[in-house]
Amino acid sequence: MADTEKYDNVATGGDKVARIDASSKLTDSSELDIDLETWGEEHGYVLDVEVLKEVSPNWQNYKLAPDGRTVLIPQPSSDVNDPLNWSHTKKHIILLVIAATAFLPDYGSATGAVTLLPQSAEWGLSPDTVNHSQVGNVFMLGVGGIFVVALAAYFGRLPVLFWFTFTAVWTAAGCAGAGTFNAFMAFRILNGFFSTVAQGGGVMFVKDLFYLHERARKINIWASFVILSPYFGPLFTAFIISTQEWQIAFAVYTIMTALCLVLQIAFAEETFFNRKIPEVDRPRKTPGIGGRVARLIGTEQWKSRHQRNAFAQACLRPFRVLIKPTVALSTIYYLLTFAWVVGINTTLSIFLTSPPYEFGPRQIGFYYFTPVVAALLGEIIGHWLHDAIARVLTRRTRLFMVVGLVVLGFALERSWHYMIAALGWGMYVFGIMITTVAITAYCLDSYPEGSGEVAAWINCARTTGGFVVSYFQVKWANKMGTEATFGIQAAVVAAAYLIVVFLQVYGKRLRERSGPLRFKTD
């Protein structure tokens, strides 16, 4: 669907749709007999008007997309403050601000994967010891996302985004200015927790701003920033430290974070909107600069907190999602397959600077073009090519991942040409990117009403696995050799695919038995 509509003469870029109520009989109209979101959570989403005709005798009262066939879910209200009624430009500016902020955490985290070598020389510590700061940062990237979605359900989206990014700016600056390893490690851990706000909670904004049938493409835009960020960090940093001190790399990261904060102040907006309460009870936005400041810092949202989740309800939301069997199993599968991505990304520079390769910073920078290209190919295949091609490759992703890990292990162990090692690394990253697309789509399709919490858990699985692996990757490889260690990792990836087979057979049954989430608010 083109994002070109007008609702109740509120401009969003194109056609006019008749004035009809939003999403339930509790709002400003009684002409709708079905809350399409609640119905979708329990019976499956009705996106085709022909299906809607079968379930509702008042189908003609529901708003459709300009194609005349696609049912709008959720149904937009007549309120100008409804994010669904905002202009195409405003929606996509906010989306790009969120995506840019989501680029930061993995970029900053992976920056430390390259700077650990000059840092170890400066502080007289081994690279493996300095890598502990990297491990703590990676762990917090996952944990922070769970806190983000819980706090946003209580305090509102915008103040959580603003305050977390504000704290990320000065903790990034602390990394750049740290004079000792202990100070650097403390700032790195704190920065990991606060910088992940748009990575762990970005899907919430997408869900607020766009209709159900639009969200997949919008999530793809956000996800592309997340997917590419851990490879651009080492790539740029390697070139920076080839001529500058390592502190400059973190100074650049600080500037990037500050720029995102400025963009949030200028363009971001509170996107939470409760269509399940009467229009007269909805909070009015305070106009002017004072109102904007109030929404940024959260004082305006605080006044209407009783219309959202209670604090206990907000804190329990992520765990109510995790206990759904399909989400829990998908999270475990993703942890077992993606863990090695983070492990390789955070430790590969140690392998490449050792004999026989003995790469310098600039060579490492060029080497990181490998996962960038592989990730882009995986993104294109997974999202933009024909569905049939995507399905065939998705079924074979385990082969890309298993073979890639084995080739990389053999290449490092037997001192094969670095291009062969790059080929193995690229195959694994290509496979994991397609897997990311598939597992994210499956979980979000299963529980779209908990999309923020689902995305946070998937992100947590990704980083938690990397946190664990980064602690022992180098010592494990030195003890057993990369041939054996990467072979074991490939075996874990192959065995984990049994979870996918199980979900293919029993997934629908598990979802039906566990029931919908039934959150108080979206």
task: Would you list the helices (runs of 4 or more DSSP H) that sit entirely within region 193-273 and hold 1 or more residues that are open to solvent by 30 Å² or more (accessible area, probe 1.4 Å) and under 25 Å from His92 (Cα atoms)?
output: 215-241, 246-267
statement: Of (1) open to solvent by 20 Å² or more (accessible area, probe 1.4 Å); (2) part of a helix (DSSP H, G or I), Gly179 satisfies every one except (2)
- line: Gly465: passes all of (1) touching a residue at least 60 places away in the same chain (Cβ under 8 Å); (2) over 14 Å from Val341 (Cα atoms) but (2)
message: Which pairs turn up if I take residues in region 468-479 that are farther than 14 Å from Leu412 by Cβ and surrounded by 15 or more Cβ atoms within 10 Å (Cβ to Cβ) and look for partners that are at pLDDT below 80 and of a type in the set (A, V, I, L, M, F, W, C) with beta carbon separation below 7 Å, at least 6 apart in sequence or on another chain?
response: Val469/Val342; Ser470/Val342
- prompt: Would region 333-340 turn up any residue that is at pLDDT 90 or above and open to solvent by 40 Å² or more (accessible area, probe 1.4 Å)?
  reply: yes
task: Go through (1) in a helix (DSSP H, G or I); (2) surrounded by fewer than 24 Cβ atoms within 10 Å (Cβ to Cβ) and name the single condition Leu125 misses.
output: (1)
query: With respect to Phe519, is the statement that it is hydrophobic (A, V, I, L, M, F, W, C) and open to solvent by 60 Å² or more (accessible area, probe 1.4 Å) true?
result: no
message: Of all residues being open to solvent by less than 50 Å² (accessible area, probe 1.4 Å) and outside any helix (DSSP H, G or I) in region 283-309, which is modelled with the highest pLDDT? Just the residue, please.
response: Gly298
message: Whether any residue in region 363-374 is outside any helix (DSSP H, G or I) and in contact with a helix residue (DSSP H, G or I) (Cβ under 9 Å, 6 or more places away or on another chain) is what I want to check.
response: yes
query: Could you list, in sequence order, the residues of region 347-368 that are open to solvent by 80 Å² or more (accessible area, probe 1.4 Å) and over 15 Å from Thr111 (Cα atoms)?
result: Pro355, Glu358, Gln363
- prompt: On the given criteria, is Val280 over 30 Å from Trp39 (Cβ atoms) and either part of a helix (DSSP H, G or I) or not charged (D, E, K, R) (or both)?
  reply: no
Close pairs (7 angstrom Cβ cut-off, 6 or more residues apart or separate chains): free of Cβ contacts under 8 Å to residues at least 40 places away in the same chain in region 172-186, open to solvent by 20 Å² or more (accessible area, probe 1.4 Å) and not small (Gly, Ala, Ser) anywhere: Gly174/Phe187; Ala178/Phe187
query: Which of the residues that make up region 369-401 are of a type outside the set (Phe, Trp, Tyr), farther than 20 Å from Ser229 by Cβ, open to solvent by 40 Å² or more (accessible area, probe 1.4 Å) and at pLDDT 75 or above?
result: Arg398, Leu399
message: For region 63-88, give me the residue count where each residue is free of Cβ contacts under 8 Å to residues at least 60 places away in the same chain and open to solvent by 10 Å² or more (accessible area, probe 1.4 Å).
response: 3
- request: Note down all Cβ pairs under 6 Å where the first residue falls in region 417-431 and is part of a helix (DSSP H, G or I), the second is among the aromatic types (Phe, Trp, Tyr), and they're at least six residues apart or on different chains.
  value: Tyr418/Tyr357; Met427/Phe400; Phe430/Phe400; Gly431/Phe400
field: Of all residues in region 416-446 being of a type in the set (Ser, Thr, Tyr) and modelled with pLDDT of 85 or more, the one that is most open to solvent (accessible area, probe 1.4 Å)
entry: Tyr418
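The values are calculated or read from the model by the stated rules, or taken from the named source; none is laboratory data. None of the values given here were measured: they were computed from a predicted structure. Cβ coordinates were reconstructed from backbone atoms using ideal geometry, including for glycine residues, and neighbour counts include every protein chain displayed. Areas reflect the complete protein model, heavy atoms only, side chains present, ligands, DNA and RNA absent. Shrake-Rupley method; radii C 1.70, N 1.55, O 1.52, S 1.80 Å.
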